[in-house]
Amino acid sequence: YALYGVTLGALVVFRLLLPLARSAWHRLEVTRVVDEAPGVVSLEIGGRHLDRLKARTGQSFTWRFLTRRHWWEAHPFSLSAAPDGRRLRITVKGLGDYTTSLRDVPPGTRVIIEGPFGGFRAAGRGVALIAGGVGITPIRALLEDLPGDIVVVYRAAREEDVILRAELDELARRRGADLHYVVGVEPLSPERLLELVPDIAERDVYVCGPPAMTEATRASLGRSGVPRRQVFVERFAL
């Protein structure tokens, strides 16, 4: 019974009280909701002293929006823009009732967060960032401020499934990064990867997208000569 009590107490403190207290101290709230594309919405979250969250690009938080419809659910979403101490941003594709309903969250809604979690940093070599679908959101954030030589490969089933395209084009231009859009349902073969990124075996590779896409891409990377230690796969709620 003592162990049950300690476990329950730890859950209450670390999963409820601490996130609630921290979010209240930072005064986190939704400041803007932006339609990015059909079924895709960005939520910007503001507050005070956001730099003290120590969030980095490539990381995610678990988000709880305190509306009548959403307060009882918390979901993980990656940052889709580099945190700048003034705002946090997530970009969500409506793939179910919850994610679809986020476009109706009004500005001024208070927010509770847990995190940040995860993260990716290059080990000093060049980087290849490979995204599928809405998995482009942390890739877009990494493209904004990840140092070094960057190549981005963005795979989408259809042209209309490409999101944040204007931002990606501008960031790639500003950073001098190579940006490739690959439209279609065929997986990225080793031959295709080497065509797009001839020196991929010499780069750190970050992959984010639906599970089937990430597993197929990881297999192709192995056959392209990329060592496993240089491949990083992000799994998060899409």
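The values are calculated or read from the model by the stated rules, or taken from the named source; none is laboratory data. Values in this document were obtained by computation on a predicted structure and should not be read as measured data. Because the Cβ atoms are built from the backbone with ideal geometry, glycine has one as well, and the counts that use them run over all protein chains shown. These area figures cover heavy atoms from the full protein model, side chains too; ligands, DNA and RNA do not enter into them. Shrake-Rupley method; radii C 1.70, N 1.55, O 1.52, S 1.80 Å.
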Practice task
Output yes when any residue across region 110-127 is touching a Cys at 6+ places or on another chain (Cβ under 8 Å) and either closer than 26 Å to Ala157 by Cβ or without any contact (Cβ under 8 Å) to a residue 40 or more places away in the chain (or both), and no when none is.
Solution key: no
Problem - Unmet criterion (only one of (1) in contact with a Lys or Arg (Cβ under 7 Å, 6 or more places away or on another chain); (2) open to solvent by 40 Å² or more (accessible area, probe 1.4 Å); (3) in a loop (DSSP other than H, G, I, E, B); (4) not small (Gly, Ala, Ser)) for Leu188 - result: (2)
Handout entry: Among (1) open to solvent by 10 Å² or more (accessible area, probe 1.4 Å); (2) outside any strand (DSSP E or B), the one test that Pro116 misses
Key = (2)
Exercise for the section: Those residues that are without any contact (Cβ under 8 Å) to a residue 60 or more places away in the chain and open to solvent by 60 Å² or more (accessible area, probe 1.4 Å), I need them from region 37-52; list them, please. Expected result: Arg48, His49, Asp51, Arg52
Completion exercise
Those residues of region 198-235 that are open to solvent by 40 Å² or more (accessible area, probe 1.4 Å) and among the aromatic types (Phe, Trp, Tyr) come to a total of 1
Exercise for the section: Of all residues in region 75-90, count the ones that are without any contact (Cβ under 8 Å) to a residue 60 or more places away in the chain, assigned to a loop (DSSP other than H, G, I, E, B) and crowded, with 16+ Cβ neighbours inside 10 Å. Expected result: 1
Problem - So Ala128, is it within 23 Å of Pro227 (Cβ to Cβ), of a type outside the set (Lys, Arg) and either outside any loop (DSSP other than H, G, I, E, B) or more than 14 Å from the chain's Cα centre (by Cα) (or both) - result: yes
Exercise for the section: For residues that are touching an Asp or Glu at 6+ places or on another chain (Cβ under 7 Å) and over 22 Å from Glu195 (Cβ atoms), scanning just region 129-160, find the one that is least open to solvent (accessible area, probe 1.4 Å). Expected result: Pro138
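Rundown of residues vs (1) in contact with a His (Cβ under 8 Å, 6 or more places away or on another chain); (2) touching a residue at least 40 places away in the same chain (Cβ under 8 Å); (3) open to solvent by less than 40 Å² (accessible area, probe 1.4 Å), yes/no style:
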| site | (1), (2), (3) |
| --- | --- |
| Arg22 | no, yes, no |
| Val30 | no, yes, yes |
| Asp35 | no, yes, no |
| Lys54 | no, yes, no |
| Arg68 | no, no, no |
| Glu73 | no, no, no |
Practice task
Might you let me know whether region 161-172 holds any residue that is out of contact with any strand residue (DSSP E or B) (no Cβ under 9 Å at 6 or more places or on another chain), surrounded by fewer than 13 Cβ atoms within 10 Å (Cβ to Cβ), touching a residue at least 24 places away in the same chain (Cβ under 8 Å) and not in a strand (DSSP E or B)?
Solution key: no
Completion exercise
Going through region 91-100 in order, the residues found to be hydroxyl-bearing (Ser, Thr, Tyr), buried (at least 19 other Cβ atoms within 10 Å of the Cβ) and over 21 Å from Leu171 (Cα atoms) are Thr99
Practice task
Considering (1) part of a helix (DSSP H, G or I); (2) more than 29 Å from Ala219 (Cα to Cα), say which one Gly135 fails and leave the rest.
Solution key: (2)
Problem - Checking Arg32 against (1) under 25 Å from Leu129 (Cα atoms); (2) at pLDDT 95 or above; (3) out of contact with any Lys or Arg (no Cβ under 7 Å at 6 or more places or on another chain), the condition it does not meet - result: (1)
